[in-house]
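Novice: My questions all concern the structure below.
Only the coordinates and a few stated rules stand behind these numbers; no lab work does. Note that the coordinates shown come from a computational prediction; the quantities given were computed from them, not determined experimentally. Heads up, the Cβs are rebuilt from the backbone with ideal geometry, glycines too, and the neighbour counts pull from every protein chain shown.
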Amino acid sequence: RNQPEFSRPAGAYVQNAVTATRIAQARQRTDRVPWEVVQRYGVPSEILVGIWAQESSFGQVQGDYDVIRSLATLAFDGRRRDWAEGQLKNALDIVVDGRRARAGLKGSWAGAMGQTQFMPDNYLRLGVDQDNDGVVDIWGDDADALASAANLLAQAGWKRGQTWGYEVTLPSNFDYAEAEGPRHNWAYWAARGVTLSGGGRPNEAEAAEQATILLPQGARGPAFLALPNHYIIRAYNNSVSYALAIGLTADGIQGKPALVKAWPTDAPLSRDQRIGAQRALTALGFDTQGVDGVIGANTRAALRRWQIANGRLADGYLTADLADELIRRAG
């Protein structure tokens, strides 16, 4: 996968997605989220508008691909045949059932549709006719699109009254091997010297939740306390960078301060480097649970184990230099 949320450094992705202009545009559109949607599903309007911004630039860039043709191509490609065939069947059902004419079934090259970029299965399962006109129109109806997104997050387990996470400051003796590991409540992290970068503490409900520390660009970049709602956002797109962009956009809409710690400037990894590093780690005895060119949680965990075994700071962050070193070591 070469989508930017998987191939670019987190900081580059987030800084491109979360700009002052984008936040201002999003803030102007929060009143487009029907209050009944917020009340029914418990998802804040800021989160929904953040998704709307990221998925289609507020409906302006929805994709003009023929969804059925796109999914047929992906099914023929074979890499994710079963998934694509299932989505293709769902897309055909949309047309056959009269929910949307074939000519209007437009979306991305991967089959994601409408203002909130729903896949066909989610459209059928979670689409909401918010204005009660008899049609779930996520292409032309803001209310339907936003209510559908809220329904997806609610069904995934969105926690009412809680935020997605906080930027945190780590103590100098922080055990980086604990990052992205088992989740713990706020008392656990506070006892280890973790503090909220903006001061204060999580609210009572958040403090009781099981949370983890995320280091999207390793020890040199910002650190985050990821609460359950961070992972709920990832039900929409299972990327740390994507979920951070949504959360930080929502924070910006609310007028929360910008990040305290700056993102480091790192060169993006080529696909060959990502695949090569995964193969190298596995060959060196640190199994990445597959080779797909996506530096996900399994690869980061394998890298941490290698870093610990080799006396390195175990932040699980793969730089271009480290990828090249791993490839050389594996021969």
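Novice: Taking the 0 to 90 degree range and rounding to the nearest ten, how far is the long axis of helix 67-77 tilted relative to the main principal axis of the chain, both from C-alpha atoms?
Specialist: 40 degrees
Novice: Taking the 0 to 90 degree range and rounding to the nearest ten, how far is the long axis of helix 271-283 tilted relative to the main principal axis of the chain, both from C-alpha atoms?
Specialist: Roughly 50 degrees between the two axes.
Novice: Each residue of the range 286-302 in turn: what ³J(HN,Hα) in whole Hz from Karplus with 6.51, -1.76, 1.60 and θ = phi - 60°, glycine and Pro shown as x?
Specialist: Rounded to whole hertz, the list is 10, 5, 8, 6, x, 10, 9, x, 9, 7, x, 4, 5, 5, 5, 5, 4.
Novice: Using amide H atoms built 1.01 Å from N in the peptide plane, name the residues 5+ places from Val168, or on other chains, whose amide H lies under 5 Å from its own.
Specialist: Ser197, Ala223, Phe224, Leu225
Novice: Taking amide H positions as placed 1.01 Å from N in the peptide plane, with prolines and chain starts having none, which residues 5 or more places from Asn185, or on another chain, fall under 5 Å of its amide H?
Specialist: It is Ala211, by chain and number.
Novice: Shifting gears a bit: Just to check I understand the Karplus step: with θ = phi - 60° and J = 6.51 cos²θ - 1.76 cosθ + 1.60, what whole-Hz values come out for the range 209-223, glycine and proline as x?
Specialist: These are the phi-based 3J(HN,Hα) values: 6, 8, 10, 10, 9, 10, 10, x, 10, x, 5, 7, x, x, 10 Hz.
Novice: Another question, if that's okay. Under a straight-distance cross-link criterion of Cα-Cα below 29 Å, which lysines are reachable from Lys159, leaving out those fewer than 8 residues away in the same chain?
Specialist: Lys256, Lys261
Novice: What does the charge add up to near Leu170, with Lys and Arg as +1, Asp and Glu as -1, over the other residues with Cβ less than 11 Å from its Cβ?
Specialist: Working: positive: Arg192, Lys261; negative: Glu167, Asp175, Glu178, Asp315.
Surrounding charge for Leu170 is -2.
Novice: Given the -39500 (n - 2.57) contribution per DSSP H run of 4+ residues, what per-residue ellipticity at 222 nm results for the chain, rounded to the nearest 500 deg cm²/dmol?
Specialist: Working: 16 runs with 157 residues, N = 331.
So the helix-based figure for the chain works out to -14000 deg cm²/dmol.
Novice: Right, another one. Taking +1 at the Cβ of each Lys and Arg and -1 at the Cβ of each Asp and Glu, which of Asn151, Ala91, Trp139 sits farthest along the dipole of the range 65-156 towards its positive end, judged by Cα position relative to the Cα centre?
Specialist: It is Ala91.
Novice: Further question on the same structure: Subtract the Cα-Cα distance of Asn310 and Gln210 from 0.36 nm times their separation in residues, and report this length gain in nm to one decimal.
Specialist: Values: separation 100, 0.36 × 100 = 36.00 nm, distance 3.01 nm.
Additional length available on full extension: 33.0 nm.
Novice: I need the shape label for the range 264-331. Rule: rounded when a/c is under 1.5, else prolate if a/b > b/c, else oblate, with a, b, c from the alpha carbon gyration tensor. Intermediate results must be reported in sequence, preceding the final value.
Specialist: Working: a/c = 1.29, a/b = 1.08, b/c = 1.20.
Judged from the Cα gyration tensor, the range 264-331 comes out rounded (a/c under 1.5).
Novice: Another question, then. Report the extension gain between Trp35 and Arg125 in nm, rounded to one decimal, defined as 0.36 nm multiplied by the number of residues separating them, less their alpha carbon distance.
Specialist: Working: separation 90, 0.36 × 90 = 32.40 nm, distance 2.25 nm.
My answer for the length gained is 30.2 nm.
Novice: Okay, next question. For the chain, what is the convex hull volume of its Cα atoms per residue in Å³? All intermediate terms of the calculation are to be shown ahead of the outcome.
Specialist: Working: hull volume 44.1 nm³, N = 331.
Per residue, the Cα convex hull of the chain comes to 133 Å³.
Novice: On a 0 to 90 degree scale, rounded to 10, what angle separates helix 142-156 from the longest Cα axis of the chain?
Specialist: Here the helix axis deviates by roughly 50 degrees.
Novice: From the backbone phi of the range 42-55, what are the Karplus-calculated ³J(HN,Hα) couplings (6.51 cos²θ - 1.76 cosθ + 1.60, θ = phi - 60°) in whole Hz, Gly and Pro given as x?
Specialist: x, 8, x, 4, 5, 5, 5, 5, x, 5, 4, 5, 6, 6
Novice: Given q = 0.11 Å⁻¹, what are the Debye log10 I(q)/I(0) values for the range 1-129, with equal point scatterers placed on the Cα positions and solvent ignored?
Specialist: One equal scatterer on each Cα of the range 1-129 leads to -0.47.
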